[in-house]
Every structure is written in structure tokens, then in C-alpha cells.
Amino acid sequence: MTSEIYDNSFTSDRQSLNISSEAEVFVFPASFAQQRLWFLDQFSPSNPFYNVVTALRLTGSLNLPALEQTFNEIVQRHETLRTTFAAVSGQPVQIISPAFKSNLKLLELQQRQIEAKKITAAESLRPFNLSTGPLMRVTILRLTETEHILLLNMHHIASDDWSIGVLIRELEAIYTALINQQPSPLPELSLQYADFAEWQREWLQGEVLETQLAYWRQ
């Protein structure tokens, strides 16, 4: 499969996008919200301003292989978690990989609460690279054998507070199914964020765009 462009204003030149000839990817135009966040990242690179950090306390026996597989299934389920960004003619585009394994990191803590707070604070300040990804980092802090903290950090270009709620519900559903040796109960998604971005670009032009711009000029 070759790289595909879904907007005629973009070129499929792999070299300009830093995509190898063997890479199997899809390229979509960015949404306007993604374009704004990408511009801010270009204006002030390596800043943590748009990190979305969540910490969940997990109590009880934790099946780490099942948890890692759960995140891999979530990443596979949501294209936005497999997306990085590149510029074409000065404009950002989404580069969606067909597969992307999450990198779950486990940290054993000695001074539990103090170290957990320090690590959480440090993680919240770690920047993301929008051009290389990944745009989600998962860390497990082991306090005891039956007490863990799941530290989740995502860039705002791939997530928001509402999305975190969706992810947590899917995390619970898939993890529960896996530890019971059952397949994921979640149906395949019929639409992805890139579909919305494409629709938005097609809709917001011509008379519609002029009406919106006129409102803000006034």
C-alpha cells in the first residue's frame, strides 16, 4: 500500500514528509483545531503547555501483559493515537500509521508517595514531538504488589478531557475482557477523527467560510 492523500491541495512526496518508501501510511489534511495546536508547537517547540495528564489509582492484582495489550488495542482502535504531523507547503497534515504499539513503562517505587508525586510532576513537563510521536505515553508506578498508579500523558492535539473519559471506559471494558480470556466487546468504529477533519475542510469554504469570517470581523 502506498501513501494516500485525500485532499488535492497536498502532494504525496514521501521525501518531503520524511516517510520511507516502505512505510505504509495514510495522509490527511489536519483539522483546524489540529492546525492551531501544530502552529503553537512550531512557534514554541518542546513546551509542555498542551500536555493532558491523568493519574489513575489501581487497586488489586494487576495483569501487566493484559494491560499492555489493552492499550495496544485502544491505539489500534483510534487512528488519532497513531497519528503524527508533518508540513506540506507550510501546512500541517496528519500522517496515520496502520499499526503503532504503545510503550508501557513500569517503575518500581521505594519511597512510594514522594516518588510518585515527583514522577507525575516530571512527566507532565515532558514535551511531545508532533513529527515523530508517539503522542501518548503510559507509565505504571508500582507502589505495592496490589497498588499501582497508571500515569497517562497525551498531547492535546490527540486528546482532551472528554476523550479521556472515553479512553478510561474503553480501558476498563477491554482489560476486563482480556483477563477473562474474552475478545474485546467494543465494535469497530465507523468514523475516525481524520474523517471529521476531511468533512470540516470540505464544509468550511466558499460562502460558509465567508459568513464565518464576516462574523468575526464584525
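The values are calculated or read from the model by the stated rules, or taken from the named source; none is laboratory data. Since the model is a prediction, treat every value here as computed from it, not as a measurement. In this analysis, Cβ positions are derived from the backbone assuming ideal geometry, glycine residues included, and neighbour counts consider all displayed protein chains. The protein model used for the area step is the full one, side chains on, heavy atoms only, and it has no ligands, DNA or RNA in it. Shrake-Rupley method; radii C 1.70, N 1.55, O 1.52, S 1.80 Å.
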All-pairs alpha carbon distance profile, the range 96-218, 5 Å steps from 0, percent: 2, 8, 12, 16, 17, 14, 11, 8, 5, 4, 3, 1, 0
Charge dipole (debye, nearest 20) of the range 130-203; +1 at Cβ of Lys and Arg, -1 at Cβ of Asp and Glu: 220 debye
Calculated diffusion of the range 36-131, Stokes-Einstein form, Kirkwood radius summed over Cα pairs, 4 °C and 1.567 mPa s, µm²/s: 81 µm²/s
Orientation-averaged projected area, Cα convex hull of the chain (nm²): 14.7 nm²
Accessible area in square angstrom per residue, the range 65-122, 1.4 angstrom probe: 52 Å²
Restricting the range 62-148 to chymotrypsin sites (Phe, Trp or Tyr not before Pro) in coil, as DSSP defines it, with at most 11 other Cβ within 10 Å: none
The chain - percent of accessible surface contributed by carbon and sulfur, probe 1.4 Å: 53 percent
Given charges at Cβ of Lys, Arg, Asp, Glu: the chain dipole, positive-most of Leu64, Ser159, Leu37: Leu64
The range 158-218 pair-distance distribution - Cα-Cα, 10 Å bins, rounded %: 17, 29, 25, 16, 10, 4
Point-charge dipole on Cβ atoms (K/R +1, D/E -1) for the chain, about Cα centre, debye to 20: 800 debye
